[in-house]
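Engineer: Quick one: structure below, then a few questions.
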Amino acid sequence: MRKEIHVARATPPARPPEELPRLWLWRWRRNPLRRRTDLAQAWIAVGLFLVVAAATPVAVFLTGTTAYRHHKEIARHQAITRYDTPAVLLHDAPRHPEPGSYEARKTLYPATVRFTDPAGTPRTAETDVAPALTAGSTVRVWVNADGKITDPPLTMEQVRSRAMGCALLAALAVPVLGAALHGYANRRLERHRLTQWDAAWAEIAPRWTTSR
């Protein structure tokens, strides 16, 4: 009669051990392989994270407020130095290939117009007009103090939009700057570690060569 031998098999774990937190925090734990530069690198990362977290909302607020005041002042200056005046077309404007379409309502064509500047001097210039306007039609143009056709003054919506754009750039710039500083610090620490390795090898290499 043969005896049956049963070999006990170890039951595999339901899931692999969670080592990620230990790997993430290895620079903080005391161990023989941890170097001072490793601990410095960890503290630099934490410090930069806190600085970025605190500086980002401050930069957004200051940049947005400053940009809003700046563009509001530009809008105020434009409002008192630019004039809305009528102008007469000197020739027919080009026709759009699809009259009545959405593109036709949004498309403008250059045309020559005649108008009177703020000093009362008749002037001729080119501006963008709607398609299919006939010669003699009247359009409104904005003229600056020099009598040149220019853009209309900034609206409050445009002022707010430009201020928000500047604030958004500040919100992106602070983390990018923090990441750049973190990368620079890591490169400096890595160079310091390589220098230490070279010094240690220069000290130990003659002993190994002599022992042979």
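The values are calculated or read from the model by the stated rules, or taken from the named source; none is laboratory data. All of these numbers come straight from a predicted model, not from anything done at the bench. Cβ: placed from backbone, ideal geometry, glycine included. Neighbour counts: every protein chain shown.
Engineer: Return the residue satisfying two criteria in turn: it lies in region 166-183 and is in contact (Cβ under 8 Å) with a residue 12 or more places away in the chain and of a type outside the set (A, V, I, L, M), and of such residues it is surrounded by the fewest Cβ atoms within 10 Å (Cβ to Cβ).
Structural biologist: Here the residue is P175.
Engineer: Would you say K106 is at pLDDT below 90 and within 21 Å of W142 (Cβ to Cβ)?
Structural biologist: On the way: at pLDDT below 90: yes; within 21 Å of W142 (Cβ to Cβ): yes.
When the stated conditions are applied, K106 passes them.
Engineer: Turning to a different aspect of this structure: Going by the structure shown, is H91 assigned by TED's automatic domain parsing to the domain that holds A135 and touching a residue at least 24 places away in the same chain (Cβ under 8 Å)?
Structural biologist: Numbers: assigned by TED's automatic domain parsing to the domain that holds A135: yes; touching a residue at least 24 places away in the same chain (Cβ under 8 Å): yes.
Answer is yes for this residue.
Engineer: Scan A67, A59, A87 and give me the residue that is surrounded by 14 or more Cβ atoms within 10 Å (Cβ to Cβ), in contact with a strand residue (DSSP E or B) (Cβ under 7 Å, 6 or more places away or on another chain) and modelled with pLDDT of 95 or more.
Structural biologist: A87
Engineer: Right, another one. If we scan region 124-136, do we find a residue that is closer than 28 Å to A79 by Cβ and in contact (Cβ under 8 Å) with a residue 60 or more places away in the chain? Write out each step before concluding.
Structural biologist: First, the residues of region 124-136 that are closer than 28 Å to A79 by Cβ: 124-130, 133.
Narrowing further to those that are in contact (Cβ under 8 Å) with a residue 60 or more places away in the chain: none.
No, that holds for no residue.
Engineer: If we scan region 193-202, do we find a residue that is farther than 30 Å from D38 by Cβ and part of a helix (DSSP H, G or I)?
Structural biologist: no
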